[in-house]
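See structure below.
The values are calculated or read from the model by the stated rules, or taken from the named source; none is laboratory data. Since the structure is predicted, the reported quantities are computational estimates derived from the model, not experimental observations. Using ideal geometry, Cβ is built from the backbone for each residue, glycine included, and neighbour counts are taken over all protein chains shown.
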Amino acid sequence: MKTAQIVYILAASAPFLTALILMAFFNFSSGKALVISYLMAVFSALFLWRMDIDSIASASLYGGLKALDLLLIIGGAILLLNVLRETGLMTVISSVFQRISPDRRVQALIIGYLFGAFIEGAAGYGTPAAIAAPLLVGLGFPPVAACSVALISNSTPVPFAAAGTPMNSVMANLETQLRQSGGTVALMTRQTTMKTVLYLGIAGILVPVMVVVVLVLSCSMHRRLASILEMLPFCVFSGLVFIIPYMLLGWFAGPEFCSIAAGAFGMAAAALAARRQFLTPLYVWTFEESEPASKPASSFRSTRSSQQGLQRAGHLTGQPGLQRTERLTIRKAFLAWLPYMVIGAVLLLTRIPTFGLRKLLSSFAFTIRHVGGNADLDYRFAPLYNPGILPFLATALGTIFACRRKLRRSATDRIFSGTGRQLLKIAVPLVCGMSMVQIMTGSSDNAAGLPGMLTLISLALVHLFGTAFPVLSPALGVFGAFVSGSCTVSGILFGPLQYETALALKLSASSILGLQMAGGAIGNMICIHNVVAVSSTAGVTGKEGAIIRKNLLPCAVYTAAVLLVYVLLS
């Protein structure tokens with residue numbers, strides 16, 4: 001490889017490498033790092049690839065417009081979550097779990113794994129772990145263990161968070177490349193979704209087992225092996241009741257439903273099984289140091305300490321809510337769950353073509369043709385089909401209206417100001433990341449006679465790894481999520497690169513993109529931003545290193561299992 005080629009490859013790689021190095025080793029926020037990376041992409045495009053400034057501006061504008069779709073979804077999801085917290089409905093939801101089982105291992109699976117999957121499907125963006133961890137702490141879990149459990153659990157459902165936003169965003173970001181290669185976003189989304197649920201689903205049967213292993217090894221000095229082995233039947237059951245609908249929905253319904261519907265079904269099935277003591281251990285595992293690690297279920301239910309542990313959960317969020325589980329009624333539980341029921345119902349009705357609403361809602365759209373004067377860039381926005389508006393924003397506003405008598409003006413102000421602040425933090429990295437990728441994608445049209453930046457990087461990777469490139473694919477996804485804090489941003493950063501490399505190696509693009517999405521999901525276990533957020537909500541700020549160390553092995557095991565599934569199915 002000639003020196004000049006190496007220089008251009010390094011220049012093309014610089015925006016990616018800069019973002020990763022600044023975030024991983026210099027503690028830069030994703031916003032600051034991606035602003036710098038965007039400017040580096042502009043510099044390379046202008047002075048090395050000799051793109052005209054109008055093309056750079058139009059690519060940047062198009063990237064910003066594509067980010068708008070995503071920001072609306074994130075904003076709606078965050079708004080709804082803040083509404084539930086301020087109204088106390090989230091506390092009621094938390095209290096429902098207290099009556100299902102006294103076994104801490106069972107609670108960890110139902111709350112961290114299954115409830116977390118449901119919240120991921122409905123809201124996403126780090127919220128499941130940030131909700132599950134303090135809920136587990138309120139039930140008596142050691143904070144560091146609660147954080148590890150919540151983060152390990154928050155992996156399999158991640159590519160389909162907030163009604164499939166990560167998957168849809170990454171695919172939308174590939175629109176130009178797909179069009180250039182004769183493909184479509186819709187077809188690639190369907191194919192990649194099928195591969196992603198296959199890889200994460202089959203390998204994901206290990207996740208409930210890893211949750212229990214980490215919990216027991218972290219918190220128990222007695223009956224460690226027995227406490228793990230006796231939970232294996234319920235672990236497998238919990239995994240199957242989520243994974244089977246997760247895979248079926250991914251194959252036949254699309255990315256919008258995989259996590260939210262499978263999470264709801266799995267949570268209901270596991271909760272019912274736990275209440276009926278189906279496949280649950282005879283002995284109930286506890287954290288109480290003064291007692292044996294386990295004791296008979298019948299004696300546990302009558303203990304005063306268990307009742308006190310259940311009552312503590314009323315104080316999780318600091319918002320009005322149930323202070324004692326005795327006050328929980330079916331009506332309160334139903335009303336608390338109603339917003340998520342509405343979201344699930346609306347998503348089902350508007351995403352399944354059979355009902356006819358999908359075509360109707362998507363037909364109301366605004367189109368900007370030739371963005372920035374570029375004939376290859378057309379932007380289309382369908383507001384009624386955007387999940388951020390319908391159902392998230394509509395449900396959030398409806399909940400505010402329904403709870404208007406119990407919401408003070410100050411609480412309403414906190415809801416909207418808090419949502420605005422959270423959204424602003426997310427906006428900068430997403431806009432810069434998507435604009436950077438659009439510039440790099442459009443760099444194939446240049447006056448220097450060079451291949452596009454992404455094409456050049458992919459050719460270098462082909463030269464280095466050859467047909468062994470799939471081994472690197474999920475690792476790139478994990479690393480991207482680790483430093484950027486998001487499966488979505490990881491996919492935006494590396495998705496185009498993975499796609500170009502797959503084409504160059506004549507590999508299945510959907511398989512490679514599926515490995516990227518799987519890696520981005522698994523990376524959430526050790527994602528810097530998520531670990532910081534979860535540790536702060538659980539009250540263990542400063543313990544982030546301990547949490548990451550606990551989660552490194554589960555992250556590596558899951559990644560290896562995904563690769564094994566890919567190899568066996570290829």
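Brief remarks follow.
- Check on Ile100, in contact with a helix residue (DSSP H, G or I) (Cβ under 9 Å, 6 or more places away or on another chain), surrounded by fewer than 23 Cβ atoms within 10 Å (Cβ to Cβ) and not in a helix (DSSP H, G or I): yes
- Residue count for segment 536-570 under the criterion of being surrounded by 24 or more Cβ atoms within 10 Å (Cβ to Cβ), assigned to a helix (DSSP H, G or I) and among the small types (Gly, Ala, Ser): the result is 0.
Here is a yes/no grid of residues against (1) of a type in the set (A, V, I, L, M); (2) touching a residue at least 60 places away in the same chain (Cβ under 8 Å):
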site	(1), (2)
Asp376	no, yes
Tyr379	no, yes
Pro387	no, yes
Phe392	no, yes
Phe401	no, no
Leu407	yes, yes
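- All told, Thr87 meets the bar of being touching a Lys or Arg at 6+ places or on another chain (Cβ under 7 Å) and buried (at least 24 other Cβ atoms within 10 Å of the Cβ).
- All helices (runs of 4 or more DSSP H) inside segment 342-445 with 2 or more residues being under 30 Å from Gln177 (Cα atoms) and modelled with pLDDT under 90: 357-363, 409-442
- Test result for Ser227, within 16 Å of Pro159 (Cα to Cα) and of a type outside the set (Val, Ile, Thr): no
- Flag if Gly466 is among the small types (Gly, Ala, Ser) and either free of Cβ contacts under 8 Å to residues at least 12 places away in the same chain or within 16 Å of Leu454 (Cβ to Cβ) (or both): no
- Being within 28 Å of the chain's Cα centre (by Cα) and not in a loop (DSSP other than H, G, I, E, B) is a property that holds for Ala41.
- Scanning segment 221-229 finds one or more residues that are assigned to a helix (DSSP H, G or I), charged (D, E, K, R), modelled with pLDDT under 90 and within 15 Å of Arg105 (Cβ to Cβ).
- Listing of helices (runs of 4 or more DSSP H) fully contained in segment 111-193 that carry 2 or more residues being closer than 21 Å to Leu215 by Cα and within 13 Å of the chain's Cα centre (by Cα): 116-122, 127-138, 143-153
- Scanning segment 251-285 for residues that are hydroxyl-bearing (Ser, Thr, Tyr) and either surrounded by fewer than 21 Cβ atoms within 10 Å (Cβ to Cβ) or without any contact (Cβ under 8 Å) to a residue 24 or more places away in the chain (or both) gives a single hit, Tyr283.
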